[in-house]
Every structure is written in structure tokens, then in C-alpha cells.
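Trainee: Take this structure first; my questions come after.
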Amino acid sequence: MRAYYPAMAGLMLGLPASAADLAIKVEIPRLSVAEYHRPYVAVWIERPDQSVAANLAVWYDVKLKNNEGTKWLKDMRQWWRKSGRELTMPADGLSSPTRAPGEHQLSFAGDKGPLASLPPGQYRLAVEAAREVGGREMLRIPFQWPPKAAETAAAKGEHELGQLSLSVRP
Amino acid sequence: MRLPNRLAAAAAALVLALPIAAEAHRAWMLPSATVLSGKDVWVTVDAAISNDLFFFEHHPLRLDNLQVMAPDGSPGKAENQATGRYRSTFDVKLDQPGTYKMAVVHSGLFASWKENGQNRRWRGTPARFATEVPKDAPELRVTQSQSRMEVFVTSGKPSDTVLKPSGEGLELAPVTHPNDLVVGSEARFRFLLDGKPASGVKVTVIRGGIRYRDNLEELTLTTAEDGGFAVTWKEPGMYWIEASVRDDKASIKEASQRRAGYSTTLEVLP
């Protein structure tokens, strides 16, 4: 947190609100398939023109030796094209192991990490999942940042993703 | 074909030099992937001459003139080269991040003349031309043929070094990166002839998988004044792009005519 000086009030208006926060619930569906691998999942914030404003999470097979799990990062096609190929994996605070079927929570404070530098505006939460020998699916939820009121929005996947919900709080 | 296999393949590889035979065959390379991530990245490429794209069912493509260019512009290695009955194949290890180019470039002469009232045809290099073609033959016509077939693959982030034109023959100068093609978005390219905009060139665009559909769904475009053309991809898949021009700007003195052809295989992702 930077110190607040009255003289900077005008400048501060254009900066992101610091108190707001954002919580995401991602459900990975339990699938009855012969060969199951946990999906690779990327979670990010995109601008209305679909460019990437902030990366929030990348779940991939970080445990394989020699970082071999990076071979399939490109299967999260949208994310790979828009931002993944610019990054080096693993990345601190961003990448983590794949998750088991079930609901997973992510929460981000407005004054820290990826949200701290997010200018006010319209955005979409984007979640893309790609499963080895399975399919690929992407979901989006629009939201405004910083939020004016506490709000929750949801989307539902059809095969690789289950329920997705986004809660924002001013 | 009555010709021996190797010869037939060579002839077909120069198919762009043969306006009559060009109708039926298509020469192509098909990479196993064009967008790759991770370490220890390899691609394998099939190369063939066939009617249906991208099925190997007619002749293998000869790899004699294969060149691999790494993202930094240095020559790369085409490993495990093999030529079978219907296709050739080779592997490239993508040691560097960025865009690689694999190209098969031909430049040669084609001659036709009359001998004792019979039509004679000949194809070869300028060096062999001197001894194999009678200079004073009746109705002697000599055409220079230039052809370039390229594919692009990218490990990690796309780069531009390999996209720089050589300035010889017909070449594609991508505006949209050739490994950044997505359904629904417009891709722009330019054709250059000897490094200058090639306007009014007919460009053929065909999606692979011809065997399993009734309609060829071929797209024919014409390049604009600046050599440019644009494609909005309706479906994902591997696409074959081909163009050729004829003119009298032969760079080899024995030839009066020149034919320059280009083809590439581009992958469009969903």
C-alpha cells in the first residue's frame, strides 16, 4: 500500500480501488471415461477486445520431470495464443498442479497481485480447460472492476468444466 | 506412371513447371503440429504429391532441396529423412523458441523442341542444358521454373526472422503470422515476385480432408495491387495455399519464359 497524500487525490482517482476483492469457484466435473487425466486449466481476466489484462491461475502437470508437462500448455488454445506463449512456466504465484474433480476456490484481493494494477473498466473472467485425450472448453463471465456492489455471476460448462461462479465485492 | 519412380517423383515435384499436368496433382508438406509448447520439442513432417489433400496416395516428395531455417536464421537439421512408396518424412528438433521454416525450393529449366517431327521434352539444370539440349533445334522453347514450398512451425512465441523474403521467385510475405491463424478471424498475406508486390495473382485455398467430402470447397482469390489477399477462415484445419505466375523475366539467360510457383500448408485452429 502506498501512503495517501491529499495532494495526490486527483491522481489516485484513476487508480484501481484497493479494497475490492474477487472470488472464483471452478468446478471440475467427475467424468466417467476409460482414460482420465486431470485437465489443464487457465484462469485469466480479459478486456472486451479479448486481450489479456491479468493472468490469475494456470494449473498444469508441474510434477513431471524436466518440466515436461509444459508440452500440453498449448492445448489451452485461447490462453496459449493470447498470453501463455509469452510466459515462462512454472511461474511464481501463477502456476500450480492440476486439480482433482470437485469445486475449487480462488480468491484475489484488489490491492495485491494481479488485481492491484487492473485499471477500472469492463472485463471478463475467462476459464479454459483442456484435458489430455479429452476435450477443451472455455467459459466467460463479464464483470465490472472495481465493483459498485457485491455481485455473483455464474456460467456452466458442458463437458470439461462444471459450475463456474464469480463473486466480486467492493 | 511408366517413368521410374524416382524420376517420376522429381517430375512431379516440378509439377508447377507443367501447366498441363499441374491440374491433377498437388505437392505438399504436412507438419505434425504448427503450434508447440514445452521443452524437447519435435515436429515430424510428411511430404507427398497427391490428388487429395492431405492423403499420401500418389508419389513421395523428393527431399533433395529441403532447407530448414531456425528462428535465428541459421540452418536447422532435418533428421530421420526417409522416402517411402507414397510419402517422404523427416523430423526437426525445435531447439530454439520461435518460428521455424521448412522449405523445398527448386530452380531449373524446362525445354521443348521438335526432333525429326517428334515432340521432345527436357527438364534439368542450366549446367546439363548446355550438353543435353540442341541449341538449334526447331521450335525450341526454354522456360525457367522456380518453385517454393514452405511450412512454418512455432515453439513458444512466434517470431519473424524466417518470414523475410529471399527476393527470388514467388514468395509469401505474411502480414498475419502463419502460426497465428484462428477460425473466424481474418488473416492477411502478400505475394511477392522477386521481392516486389505480385498483383493480379490467382491464389488457391483448399482445406484438407478432401476425401471425406463431396465438394472441394476451393477458394480462389486474386491478389490486389500491393500483392495482398485476405482469408477469413470458416473452419479449422490444415489448408493448402497455392499460386503461380508466368512471365518473361527469366533470370537464366537460356530461358525466354519464366514460371514461378509457391505453395504452403497453414494450420487454422478452432
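Trainee: Could you check how many residues of the range B:129-179 are within 14 Å of another protein chain (Cβ to nearest Cβ), in contact with a Lys or Arg (Cβ under 7 Å, 6 or more places away or on another chain) and surrounded by fewer than 24 Cβ atoms within 10 Å (Cβ to Cβ)?
Mentor: 2
Trainee: Regarding A:E158, is this residue in contact (Cβ under 8 Å) with a residue 12 or more places away in the chain, touching a helix residue (DSSP H, G or I) at 6+ places or on another chain (Cβ under 8 Å), acidic (D, E) and not in a strand (DSSP E or B)?
Mentor: Answer is no for this residue.
Trainee: Checking the conditions here, which among B:V162, B:V105, B:V92, B:V151 is closer than 30 Å to B:D52 by Cβ, in contact with a Ser or Thr (Cβ under 6 Å, 6 or more places away or on another chain) and assigned to a strand (DSSP E or B)?
Mentor: Exactly one residue qualifies, and that residue is B:V151.
Trainee: For A:P114, are the conditions met, namely being in a helix (DSSP H, G or I), away from chain B (no Cβ under 14 Å) and surrounded by fewer than 20 Cβ atoms within 10 Å (Cβ to Cβ)?
Mentor: The answer is yes for A:P114.
Trainee: Can you find even one residue in the range B:172-188 that is among the acidic types (D, E), over 21 Å from the mean Cα position of the chain (by Cα) and assigned to a loop (DSSP other than H, G, I, E, B)?
Mentor: no
Trainee: Being surrounded by fewer than 18 Cβ atoms within 10 Å (Cβ to Cβ), of a type outside the set (A, V, I, L, M, F, W, C), within 14 Å of chain A (Cβ to nearest Cβ) and touching a strand residue (DSSP E or B) at 6+ places or on another chain (Cβ under 7 Å) is the requirement here; does B:T220 meet it?
Mentor: no
Trainee: Separate question: If B:G38 passes every condition in (1) more than 14 Å from chain A (Cβ to nearest Cβ); (2) at pLDDT below 95 but one, which one does it miss?
Mentor: Among (1) more than 14 Å from chain A (Cβ to nearest Cβ); (2) at pLDDT below 95, B:G38 violates only (1).
Trainee: Moving to a separate point now. In the range A:80-102, which residue that is more than 9 Å from chain B (Cβ to nearest Cβ) and aliphatic (A, V, I, L, M) is surrounded by the fewest Cβ atoms within 10 Å (Cβ to Cβ)?
Mentor: If we take residues in the range A:80-102 being more than 9 Å from chain B (Cβ to nearest Cβ) and aliphatic (A, V, I, L, M), then A:A100 is surrounded by the fewest Cβ atoms within 10 Å (Cβ to Cβ).
The values are calculated or read from the model by the stated rules, or taken from the named source; none is laboratory data. Small disclaimer: the values here were computed from a predicted structure and weren't measured. All Cβ positions, glycine included, derive from the backbone under ideal geometry; neighbour counts span all protein chains shown.
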